[in-house]
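Worksheet for the structure shown next.
The values are calculated or read from the model by the stated rules, or taken from the named source; none is laboratory data. The structure presented is a predicted model; accordingly, all values stated were derived computationally and were not measured. All Cβ positions, even for glycine, are placed from backbone atoms using ideal geometry, and neighbour counts span all protein chains on display.
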Amino acid sequence: MTIKIADLMSKSVITAQPHHTVEHVRAMMTKNHILAVPIVGADGEALGIVTSSDLMNGHNERSPINKVMTENVYKVPAYNNVDVAARIMRKHKIHHVVVTHEQQIVGIISSFDLLQLVENHRFEAKPGGAQS
């Protein structure tokens, strides 16, 4: 069974803009029970991402979020298979990948979404065991 990222991703993505404050983004994350927020430009393109771990270092609450965000955003097209997102997460030791369609953000996929595959037994075991 081939599962596409679009089938598993969270489609309602909450985003922030570079000028939003750390306090504003933290409040958005708390209110919506989310662990990552893509930071977008005026055209909706991903400029960065902020995760809950980025906000743990006691940043000034009034600082603009672009001072805290990670600028290297890993993106994956929605039509790819989920193993592509899993490979990116494992290789770069991250838990969230922004999902795009024609350079626009259409979703976000997390390691928790991938764990759902295991929980629901929607995966195929590879013979011979996996190499790290």
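Figures for the structure shown
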quantity	calculated
Segment 1-40, residues that are surrounded by 12 or more Cβ atoms within 10 Å (Cβ to Cβ), of a type in the set (Gly, Ala, Ser) and within 20 Å of Gln104 (Cα to Cα)	Ala6, Ser10, Ala16, Ala36
Selection status of Thr30, in a helix (DSSP H, G or I) and hydroxyl-bearing (Ser, Thr, Tyr)	yes
Count - residues of segment 41-76 that are surrounded by 16 or more Cβ atoms within 10 Å (Cβ to Cβ) and touching a residue at least 60 places away in the same chain (Cβ under 8 Å)	1
Complete set of residues in segment 52-74 that are outside any loop (DSSP other than H, G, I, E, B) and either more than 17 Å from His95 (Cβ to Cβ) or at pLDDT 95 or above (or both)	Pro64, Ile65, Asn66, Lys67
Residue satisfying all of: in segment 76-116; within 20 Å of Ile34 (Cα to Cα) and charged (D, E, K, R); modelled with the lowest pLDDT among these	Asp113
